[in-house]
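Worksheet for the structure shown next.
The values are calculated or read from the model by the stated rules, or taken from the named source; none is laboratory data. Note that this is a predicted model, so its numbers are computed, not measured. All Cβ positions, even for glycine, are placed from backbone atoms using ideal geometry, and neighbour counts span all protein chains on display.
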Amino acid sequence: MQVLVTGGAGYIGSVIVEELVRAGHTPVVYDALAKGHLKALAPEIPFVRGEVADADRLRTALLEYQIEAVIHMAGLIEVGLSVTNPDRFFETNVGGTISVLRAMIDVGVRKLVFSSTAALYGDPEQLPIAEDAPTQPTNPYGQSKLMAEQMMRWVAPAHGLTCTALRYFNAAGATERNGEMHDPETHLIPLVLKAAAEKRAIPIFGTDYPTADGTTVRDYVHVVDLAQAHLRALSREEPGLRIYNVGNGNGYSVRQVIEAAREVTGAELPIEEQPRRAGDQVATVASSERIRRELGWEPQHADLRDILGSAWRWMQSHPKGYEEA
Ligand SMILES: NC(=O)c1ccc[n+]([C@@H]2O[C@H](COP(=O)([O-])OP(=O)(O)OC[C@H]3O[C@@H](n4cnc5c(N)ncnc54)[C@H](O)[C@@H]3O)[C@@H](O)[C@H]2O)c1
């Protein structure tokens, strides 16, 4: 299948591109390179530099490459920035999604897989979280993804589109070629590993949360398993919107991740306790029953030490990230 991947030069997108190629699909990357890295892509991958707001450019790319499906990942991701600049998040994440839908409808592309997030659940009453749990985002980032899903719920059936929203829990880990390199980096695993590599202390943002050890709890899913969920979603044909959680169902606290990182890296990793960050959720752990049952998805790298180990190997083979790749 010819697949346009918006945000395909980013962390998760670049791994999806690798997995699409491995499965015999033909990915085309559409990215503004606001954050991604061209070096994350093999040179033979067709690349279009463009903004998601630019529906004309999107239409041209869809037609030129005879695209049959879109994986829409381009967007802003930093929770803290969404609290201080909510307008930018609604503009890019909601406006960008309507622009992608408009371009698809105009040229007759009918399949969309959308990068959604567990952030839209906010602080849930029950763990693990199923797809029908209440959505009550604690930050504009989660709200923007929820709004994009809500648009799709109406647009998809009206235009006969097959839309699949994948609500990722926390993507982590690496392939040999691609790993996590955000700027600024706000995600725990790359921050912990960087601190290990530089032999410094790791800050913990908030140690007074209502969890067993006072730190926030997350469900880490290997980026390759996450990419595989997209391949499964591409096989869906039923018009309308279907939503799936993608996580392992295991919750790890910040302190547990740091402990596991000490084992994987051999570093001491002293802790520096800091105040909470704005917008952070307390605990998110997925029930991924639905995607297992309906799409046959099974994570292959669920062990936290495997996930950390792959990220650590990538970081060691890319000490300057993509700068010298
Ligand atoms: N990383 C996670 O754990 C996680 C969890 C849940 C959901 N997600 C979602 O997955 C997607 C990818 O996340 P990631 O971690 O790979 O982020 P990333 O920042 O590495 O990748 C995003 C890509 O989108 C591009 N982009 C941003 N704004 C754009 C615009 N206006 N026009 C065109 N391209 C633009 C960036 O250049 C970048 O390459 C995002 O939509 C994010 O919300 C990520």
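Points to keep in mind about this one:
- Hits in segment 158-177 (condition: under 14 Å from the mean Cα position of the chain (by Cα) and within 22 Å of Arg313 (Cα to Cα)): Asn170, Ala171, Ala172, Gly173, Ala174
- One residue stands out among those in segment 159-182 that are surrounded by 17 or more Cβ atoms within 10 Å (Cβ to Cβ) and either modelled with pLDDT under 95 or of a type in the set (A, V, I, L, M) (or both): the one that is farthest from Ala34 (Cα to Cα), which is Leu161.
- Considering the conditions (1) in a loop (DSSP other than H, G, I, E, B); (2) of a type in the set (A, V, I, L, M); (3) more than 9 Å from the ligand (Cβ to nearest atom); (4) in contact with a Lys or Arg (Cβ under 9 Å, 6 or more places away or on another chain), Ile67 is excluded by exactly one of them, (4).
- Taking the numbered list (1) buried (at least 18 other Cβ atoms within 10 Å of the Cβ); (2) on the phi < 0 side of the Ramachandran plot in turn, Gly279 passes all entries but (2).
- Within the set Leu62, Leu58, the sole residue that is near the ligand (Cβ under 10 Å from one of its atoms), of a type in the set (A, V, I, L, M) and assigned to a helix (DSSP H, G or I) turns out to be Leu58.
A quick yes/no check of all residues on (1) in a helix (DSSP H, G or I); (2) over 19 Å from the mean Cα position of the chain (by Cα); (3) among the hydroxyl-bearing types (Ser, Thr, Tyr):
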| position | (1), (2), (3) |
| --- | --- |
| Asp280 | no, no, no |
| Ile291 | yes, no, no |
| His301 | no, no, no |
| Ile307 | yes, no, no |
| Ala311 | yes, no, no |
| Gln316 | yes, yes, no |
| Lys320 | no, yes, no |
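- Flag for Asp106 being in a helix (DSSP H, G or I) and more than 15 Å from the chain's Cα centre (by Cα): yes
- Taking segment 95-135 as the range and being of a type in the set (Ser, Thr, Tyr) and in contact with a helix residue (DSSP H, G or I) (Cβ under 6 Å, 6 or more places away or on another chain) as the test, the residues that pass are Thr97, Ser99, Ser116, Thr117, Thr135.
- Top-ranked residue of segment 102-117 - restricted to ones that are farther than 21 Å from Ser235 by Cβ and surrounded by 22 or more Cβ atoms within 10 Å (Cβ to Cβ), ranked as nearest to the ligand (Cβ to nearest atom): Thr117
- Options Glu198, Glu185; residue that is over 20 Å from the mean Cα position of the chain (by Cα) and surrounded by fewer than 22 Cβ atoms within 10 Å (Cβ to Cβ): Glu198
- Of the residues making up segment 221-236, one or more are polar (S, T, N, Q), out of contact with any strand residue (DSSP E or B) (no Cβ under 7 Å at 6 or more places or on another chain) and more than 17 Å from Tyr11 (Cβ to Cβ).
- Every pair of residues 6+ apart whose Cβ atoms lie under 9 Å, when the first sits in segment 118-139 and is closer than 20 Å to Ala212 by Cβ and within 13 Å of the ligand (Cβ to nearest atom) while the second is charged (D, E, K, R) and in a loop (DSSP other than H, G, I, E, B): Ala118/Asp219
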